[in-house]
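Values quoted throughout were computed directly from the atomic coordinates according to the rules given, and no laboratory measurement underlies them. In this text, all values refer to a predicted model and were calculated from it rather than measured experimentally. Reconstructed Cβ throughout: ideal geometry from the backbone, glycine too, with neighbour counts over all protein chains shown.
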Amino acid sequence: MYRTGIGYDIHKLIEGRDLIIGGVKITHEKGLLGHSDADVLIHALIDSILGALALDDIGTLFPDTDPRYKNIDSTILLKHVYNLVKEKDYSIVNIDSNIIAQDPKMMPYIPKMKEVLCKILEISPDRISIKAKTKEKLDAVGQKLAIEANAVVLLKSN
Ligand SMILES: [Zn+2]
């Protein structure tokens, strides 16, 4: 049996925070605001996986009122969610995703993001796509106030 899921996330860019996307620290004068490390790509990916399994979403599973998740490394949350995939006896066929940011350029960091995510999710790099887009200077993302991400996953029962 195959199951697919979709995930979306957005975080506001502010000064005084590290910018962490796809588990990789990106050099930038601003970072994403959130209760966790605000890793927008990993959050979208987590929601796509939870959606594929028809489980509760990321905000329900890891509430932002819970002090345990304050500034938590989102790769830890992803590991937890991947364990749910394994418990349900599924594996990941492929992932497609977008990071939508006006600034900075994501391209140089994408190979490292793939490396981080493939290791956690036990997949080869040919099963994950991370695409970098801008918003053509339109809306909050285009005005560099926020960064968005989308993800789609396909799971297969073992
Ligand atoms: Zn998020």
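Please quote Rg/Rh for the range 2-157 to two decimal places, taking the Kirkwood radius as Rh and restricting both calculations to Cα atoms. All intermediate terms of the calculation are to be shown ahead of the outcome.
Working: Rg = 14.7 Å, Rh = 15.5 Å.
In the range 2-157, Rg relative to Rh is 0.95.
Across L50, L145, L13, mean-square fluctuation computed from a Gaussian network of the chain (C-alpha pairs under 10 Å connected) peaks at L145.
Comparing Cα centroids, the range 28-95 and the range 128-156 end up 16 angstrom apart. Taking the helices alone, the chain has a mean residue ellipticity at 222 nm of -8500 deg cm²/dmol, built from -39,500 (n - 2.57) per DSSP H run of at least 4 residues and averaged over all its residues. Loop sites here are GluC sites (Glu not before Pro) outside DSSP states H, G, I, E and B with no more than 16 other Cβ atoms within 10 Å. The longest part of the chain free of them is 30-121.
The residue among L77, N150, M106 whose Cα reaches farthest toward the positive pole of the charge dipole of the chain, with charges on the beta-carbon of Lys, Arg, Asp and Glu, is M106. In the structure shown, the pairs K119/K144; K70/K119; K105/K137; K25/K105 are assessed against 21 Å; a Cα-Cα span above that value is assigned to K119/K144; K70/K119. Ranked for footprinting exposure by Cβ neighbours inside 10 Å, fewest first, T27, T4, T75 give T27, T4, T75.
Pairs from the list K131/K156; K86/K135; K86/K114; K112/K156; K30/K131; K30/K86 with a Cα-Cα gap above 32 Å: K86/K135; K30/K86. Charge dipole of the range 2-157 (Cα centre as origin; +1 on each Lys and Arg Cβ, -1 on each Asp and Glu Cβ, all else neutral): 360 debye, rounded to the nearest 20.
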